[in-house]
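The values are calculated or read from the model by the stated rules, or taken from the named source; none is laboratory data. The structure displayed is predicted, hence computed values, not measured ones. Counting neighbours? That spans all protein chains shown, and the Cβs are built from the backbone with ideal geometry, glycine included.
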Amino acid sequence: MTRTKSQKSQYARSLLEASLDPLVTISAEGKITDVNEALMKVTGLQREELIGTDFSTYFTSPKKAQEGYLQVFEKGFVSGYPLTIKHKDGGLIDVLYNASVYKDSRGNVLGVFAAARDVTEQKWAIELRKANKELAFQNEEKEKRAAELVIANKELLFQNKEKEKRAAELSVANIELVFQNGEKEKRAAELVIANEELVFQNKEKEKRAAELSVANIELVFQNGEKEKRAAELGVANGELAFQNNEKEKRAAELNIANKELAFQNDEKEKRAAELRLANYARSLIEASRDPLVTISTAGKITDMNEAFVSITASTREKLVGSDFGIYFTDPVKAREIYEEVFTEGFVADYPLTIIDHGLTAVLFNGSVYKNEKGDVLGAVVVARDITEQKRIEKELIEAKVAAELATTIAEEAKEKAESAAQIAESAVKAKQQFLSNMSHEIRTPMNAIIGFTKVVLKTDLSAKQREYLTAIKISGDSLIVLINDILDLAKVDAGKMVFEEIPFKMASSLSAMLHLFETKIQEKNLLLIKEYDETIPEVLIGDPVRLHQIILNLVSNAVKFTSRGKITVSVRMLASEEEEKVNIEFAISDTGIGITEDKLERIFDNFQQASSGTSRLYGGTGLGLAIVKQLVEPQGGSIQVKSKIGEGTTFSFILSFGKTNEEAVLDVIFAEPDKEIKDIKVLVVEDIALNQLLMKTLLDDFGFERDIAENGRIAIKKLEAKSYDIILMDLQMPEMNGFEATEYIRNTMNLKTPIIALTADVTTVDLEKCRVVGMDDYISKPVDERLLCSKIVSLVKRPPLLAQDEDVVVQILPGKIVSCIDLTFLNQRTKSDPKLMMEMISLYLEQTPPLISTMKKSFAEKDWTTLYSAVHKMIPSFSIMGIHTDFEKKARALQEFASTQQQPEEISALVLQLGNVCTQACTELKQEYNKMKTSIHEN
């Protein structure tokens, strides 16, 4: 008979309540979803009180209960699991649980069904049987003691009889004493006889004197023999000297062997560093979301990243060795790519369509890679998906065509033409939004790529490795420039470019900006000349960020196209009758290649360059000058250009600035970092793990202390528990962003700690909002490490450090648990490589617990040799894991006691202390290992 859903539910409930055993259903989160009457009886609680509560809270061991239902989800069932249920009145009931998962019609696990069997009586029966056995054993022992008592009584009787015998023997001994006294009198008589014997002996001594004379003659003979032995000893000493010389030679050979061993160890460390670098390069390749593939000179695929494997829907094994061209809709055109790469050395923006589920359109960039001899080994090709861009461009073109056609239609079709124009405008906005979003998304991984490339360039590298990493850095810097250009162009087109009016120091601001070009200008052996009109007021009102951007583009342009000569930056104040404003003319002149007359009119248009070969020879997008013009003119200014081929170019523009008596805010001039200032405590507030790791690396290189907070809320908690010298604050974060956190720090906590804003887009950062909430400065991403260090030091303005011989008192906050490990040395030794650190921590966790057990066991068994060996193996890891040197000294003292087998009380105390500290170190290292593992997975 078929049951309805209601009948089935009622049937299931009746089965549940019919059981005399406590039954319960548990959700995946460990919450109780249903119970029967039996469970309510054993807990003393009603169904409404139980539903929704944590299953584990009703047992004497909640942790064991949690482990039980987690085993059910892992294995699908558990049987005979022992637990003890707590009644609300305090009673305890021992049960054995059987449990299994239950699923929906699709096989998805919904929760756990568990049944408990009361085993309290069984347990007491078992305990009673044990008690009876123990009682029987005790009775047997009593009988044995009674038998032993009978034997002891017999032994006592025997001893009493022996005492009586000893008394009889004492009486005999007294009689013997009387006899001995009689014997003494006889001895006195014998003494008289002995004196007579002495006279006889003296006569015998005279005879012995005569014999001594003969002995002296014998002694002379023996002395002669000794001289012979002395001569032989001289020969032996010569032999000993020869042996010592041989030992010195062996020692010299041993010294050479030690040097050879040290050289081999250095070579091993270099190999290890190269391996870590190779692993790092591999991780960078795999981090790219764009398909990347390496091709041999024969056009065969030699390697690829996971993105290429995914887009081709193939496997790495099938791809390796296959023809590169077969994965595209036009194999011939694909082959032309790598042929052009091997011919020209590179190829840029080559369009192809990959054969996948959707025929993805891509632009390919490729270049050759060589061995140390300069021979071409193959090519690296990277694809960028442009399907969405092509779709937007197509829609934009279609919209524009529709708009143009609409203008030719009669007046009655005017409404349709306006609709088409609206479609075109929407397409333009979509393009602008896309460019803006993509620029922001690309900037974050580029920050990590450029930052870590700088970090790796500081390490010991081979010439070829340094060449490759330098190429990566140059490419990253170029990409950042391109991103900035695209982002600014999108904002100008969208009408979102906002110009601020804030007081700033133009002279110091200009010097700081030009300081960025010093390295590049020195590399090209150019001369940089700055001509500044001293009559310009010190503080002006305007937009310093936009002014930086204008001059940055123009100076960068001059450096790019000037190979010899000089670059002149001129700033002068023009005559003006206005009292509240000044007009200033800026001119940037170079002695570079120049611009032809016919190109001057179009030089400020989007994507325009002096010639078709300019992009190929010098790089760039042709957006820089277009952005400059669109930054100058909306501020009421004007820009001009003068140029002659082969002589150089001059760009000049005029802007108006307000006069003021206010002080400058967010000044951009910074002091040079003090190399000796190292004890600066920095709090980094950053939500992206990759940026966190980069900031850790940079601050460690500076020698600063640092803590990390994932958002503003966590940062506030850290500030409540600890003081810092400066805060680096990201602006965009979950839960509490940088503006909200800064406002709370300033207004609620009333802290004056300097705060530097971190932003991925300095051209759009709201500097006024930063100033209002209380930030002291800002720095843009990718972070310039020299600028970052300079800003930190200049804002902290620390007093002179204490002399080294003065005592430094370290205070620990109340309730704070002091860690017994310090991974600073390990971090430095591994050059902040988390995988290598995890490997070394794993080895320590593997070897230390057995050594602790061996140490304790050998002490208990008085096995001093094994104890000495176990402690000897522990000592080297103390310094590696940063365990305090006091424990290393205690370990060596324990070795000394074990070798001499003295002071067992001291040995016991030292074994206990070393066991405890090593156990705590293992616990803390497990936590560090899990943090690193989680961080690697998140990245």
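What residue, of 52, 90, is in a loop (DSSP other than H, G, I, E, B) and either in contact with a strand residue (DSSP E or B) (Cβ under 8 Å, 6 or more places away or on another chain) or surrounded by 12 or more Cβ atoms within 10 Å (Cβ to Cβ) (or both)?
None of the other options fit; the residue is 52.
Taking the residues in the range 93-146 that are free of Cβ contacts under 8 Å to residues at least 24 places away in the same chain and within 18 Å of residue 24 (Cβ to Cβ) as candidates, determine which candidate is surrounded by the fewest Cβ atoms within 10 Å (Cβ to Cβ).
103
Which numbered condition trips up residue 882, out of (1) surrounded by fewer than 13 Cβ atoms within 10 Å (Cβ to Cβ); (2) assigned to a loop (DSSP other than H, G, I, E, B)?
(1)
Let me spell it out: the conditions are (1) assigned to a helix (DSSP H, G or I); (2) out of contact with any Asp or Glu (no Cβ under 9 Å at 6 or more places or on another chain); (3) of a type in the set (Val, Ile, Thr), and residue 545 meets all of them except one. Which number is the exception?
Tallying (1) assigned to a helix (DSSP H, G or I); (2) out of contact with any Asp or Glu (no Cβ under 9 Å at 6 or more places or on another chain); (3) of a type in the set (Val, Ile, Thr), residue 545 fails exactly one: (2).
Test residue 593 against the stated conditions and say whether it is modelled with pLDDT of 70 or more, among the β-branched types (Val, Ile, Thr), part of a helix (DSSP H, G or I) and within 25 Å of residue 348 (Cα to Cα).
Judged against the criteria, residue 593 is not a match.
Quick one: count up the residues across the range 322-367 that are crowded, with 19+ Cβ neighbours inside 10 Å, β-branched (Val, Ile, Thr) and free of Cβ contacts under 8 Å to residues at least 40 places away in the same chain.
Summing the residues that are crowded, with 19+ Cβ neighbours inside 10 Å, β-branched (Val, Ile, Thr) and free of Cβ contacts under 8 Å to residues at least 40 places away in the same chain in the range 322-367 gives 1.
Looking at the range 661-678, can you tell me whether even one residue there is among the β-branched types (Val, Ile, Thr), modelled with pLDDT of 80 or more and under 28 Å from residue 788 (Cβ atoms)? Explain how you work it out, then say what you get.
Residues of the range 661-678 that are among the β-branched types (Val, Ile, Thr), as a first pass: 665, 668-669, 677.
From what is left, the residues that are modelled with pLDDT of 80 or more are none.
No, the range 661-678 has no match at all.
Does residue 712 fit the bill of being farther than 25 Å from residue 825 by Cβ and without any contact (Cβ under 8 Å) to a residue 40 or more places away in the chain?
Yes, satisfied.
Looking only at the range 771-784, decide whether some residue is surrounded by 14 or more Cβ atoms within 10 Å (Cβ to Cβ), out of contact with any helix residue (DSSP H, G or I) (no Cβ under 8 Å at 6 or more places or on another chain) and either at pLDDT 80 or above or within 30 Å of residue 453 (Cβ to Cβ) (or both).
Scanning the range 771-784, I find at least one residue that is surrounded by 14 or more Cβ atoms within 10 Å (Cβ to Cβ), out of contact with any helix residue (DSSP H, G or I) (no Cβ under 8 Å at 6 or more places or on another chain) and either at pLDDT 80 or above or within 30 Å of residue 453 (Cβ to Cβ) (or both), so the answer is yes.
Just the residues that are more than 16 Å from the chain's Cα centre (by Cα) and of a type in the set (Val, Ile, Thr), please, taken from the range 686-716.
The answer is 714, 716.
One line per residue, one yes/no per condition, for (1) surrounded by fewer than 18 Cβ atoms within 10 Å (Cβ to Cβ); (2) in a helix (DSSP H, G or I); (3) acidic (Asp, Glu):
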| position | (1), (2), (3) |
| --- | --- |
| 715 | no, yes, no |
| 718 | yes, yes, no |
| 724 | no, no, no |
| 729 | no, no, no |
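Is it the case that the range 558-569 has a residue that's touching a residue at least 12 places away in the same chain (Cβ under 8 Å), of a type in the set (Lys, Arg), farther than 18 Å from residue 507 by Cα and surrounded by fewer than 16 Cβ atoms within 10 Å (Cβ to Cβ)? Give the steps one after another, and end with the answer.
So the first thing to find is which residues in the range 558-569 are touching a residue at least 12 places away in the same chain (Cβ under 8 Å), and the list is 558-569.
Keeping just the survivors that are of a type in the set (Lys, Arg) gives 560, 564, 566.
From what's left, farther than 18 Å from residue 507 by Cα: 560, 564, 566.
Add one more test, that the residue is surrounded by fewer than 16 Cβ atoms within 10 Å (Cβ to Cβ), and what stays is 564, 566.
Yes, that holds for at least one residue.
If you go through the range 740-756 one residue at a time, how many are outside any loop (DSSP other than H, G, I, E, B) and within 27 Å of the chain's Cα centre (by Cα)?
Summing the residues that are outside any loop (DSSP other than H, G, I, E, B) and within 27 Å of the chain's Cα centre (by Cα) in the range 740-756 gives 4.
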